[in-house]
Amino acid sequence: MDDVTLGSGNLAGLGVYAARDFAAGEVVVSYQLQPLDEAAYMALPAGEDLFVHSYGGRRYLYPAPARFVNHSDDPSCYQDFDRGCDIALRSIARGEPVTIDANEETARELGTFVDAYQYALREGSGELLTALIDRDATLWVVGRAVRGREAFVATVSEVGFVSLSEVEWLVGTGRWEALCSAEAQTVRGRRHQTMLLKVIAGNWQIVYHHAE
């Protein structure tokens, strides 16, 4: 925290500000994400859920001060997710807000969800698929609809989904809901599919899946 300080902002009323000058390419904020299972998520104090993000179908809690870095359409930093840090895009003067493009977080959340979904399909793992599907999800495929997580997983295995391609996010409403269009390769050929995802208990999950 010596290099940055907290001040007014839009995340629980707080934002992050430079406590010294930074040159382009310098690490401004470093962080280590805390993994959370569902029980740990449900036990979070009120308001802490605001700082939970879901990557690859798993929940992670952002620590301070990284959790208070505000969004900007003209950010001063970019996020290096592999290293766990925000890096200066340009020179940042002491007292200037430290900001990021939060759309990058959402893009990573959705991208890593698709990666996890494809991995579960390739592995043929019902356990891995279960973690990515809402308990009340609906799957429409082969001219019929099935409802519920167990039926969803069983039908996906029956149809033989293998992989996804040509993935496009048609609609995104922030961190809470997104609509995905993709081509699904199955053991019987290709099928176009649409998936509706929602953040449920801090985690992205499929709530509706339509395969044509």
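Quick notes on this one:
- Some residue of segment 33-51 being surrounded by 12 or more Cβ atoms within 10 Å (Cβ to Cβ), assigned to a loop (DSSP other than H, G, I, E, B) and at pLDDT below 95: no
- Test: residue in segment 31-41 that is touching an Asp or Glu at 6+ places or on another chain (Cβ under 6 Å) and either in the same structural domain as residue 95 (by TED's automatic domain parsing) or at negative phi (or both): no
- Residue satisfying all of: in segment 84-107; surrounded by fewer than 16 Cβ atoms within 10 Å (Cβ to Cβ) and at pLDDT below 95; nearest to residue 180 (Cα to Cα) among these: 107
- Scanning segment 136-150 for residues that are basic (Lys, Arg) and surrounded by fewer than 17 Cβ atoms within 10 Å (Cβ to Cβ) returns 144, 147.
- Segments classed as strands (runs of 3 or more DSSP E), wholly inside segment 119-212, with at least 3 members that are of a type outside the set (A, V, I, L, M), at pLDDT below 90 and outside the structural domain of residue 53 (by TED's automatic domain parsing): 161-172, 177-186, 189-200
- Among the residues making up segment 28-44, a single one is among the aromatic types (Phe, Trp, Tyr) and more than 18 Å from residue 5 (Cα to Cα): 41.
The values are calculated or read from the model by the stated rules, or taken from the named source; none is laboratory data. The model shown is predicted, which means the values in this text are computed figures rather than measured ones. Counting neighbours? That spans all protein chains shown, and the Cβs are built from the backbone with ideal geometry, glycine included.
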